[in-house]
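Below is one structure, written out as C-alpha cells, with a few remarks after it.
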Amino acid sequence: MLPQLSLFEIDSRFATLLSESIEETLVNLLGEHVKQTIYECLERQGLRKCQIPEHLPTFDAFLKDNFGRAGAVIERQIARRLYTRLGLKLVQVPHYGLTDYVDTAFRQLSRLEPLA
C-alpha cells in the first residue's frame, strides 16, 4: 500500500493533472495555435496558465464567453480526460460546467486512496 498523502499533496498532484488535461484537450480539439491564443488572451486578463487550477471559474467563464455552446463541449472533454487520468467514471450532469466536474472529482479523490 502506498503511503497516505496529505490533502496538500493530493491538491498539488490534482492541479498538475488538471493542467495537463486542459493542455491536452485544447491541443486535441483546437490545435496548438488556438491553445496558445487562449492562454495569451487569459494572460491579458490577468490569469496566467499556471493559475488556471486555482481560478477555474474564471477559465470556465472564459470558455463560455468566447466559445458559446462549444465552450460546454470543451469543458466536458477536459473533464472526461481528467476523470480518465484519475481512474474515475465521469457521469454527465445537465448544466454542470468544468468547475462542477472538477470539484466532484476532487471530493471523490479526497475519500479514496492517494493518487498513484
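Overview of values
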item: Computed lengthening from VAL34 to SER19, 0.36 nm per intervening residue step minus Cα-Cα distance; result: 3.8 nm
item: Ranking of VAL91, VAL102 by count of other Cβ atoms within 10 Å, fewest first; result: VAL91, VAL102
item: Value of [θ]222 nm, deg cm²/dmol, for the chain, DSSP H segments ≥ 4, -39500 (n - 2.57) each, nearest 500; result: -23000 deg cm²/dmol
item: For the chain: rounded, prolate or oblate by the Cα gyration tensor [a/c cutoff 1.5]; result: prolate
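Where a number appears in this text, it was derived from the coordinates with a stated rule and is not lab data. Please read these numbers as outputs of a predicted model, since none were measured by experiment. FYI the Cβ positions are ideal-geometry reconstructions off the backbone, even for glycines, and counts take in every protein chain you see.
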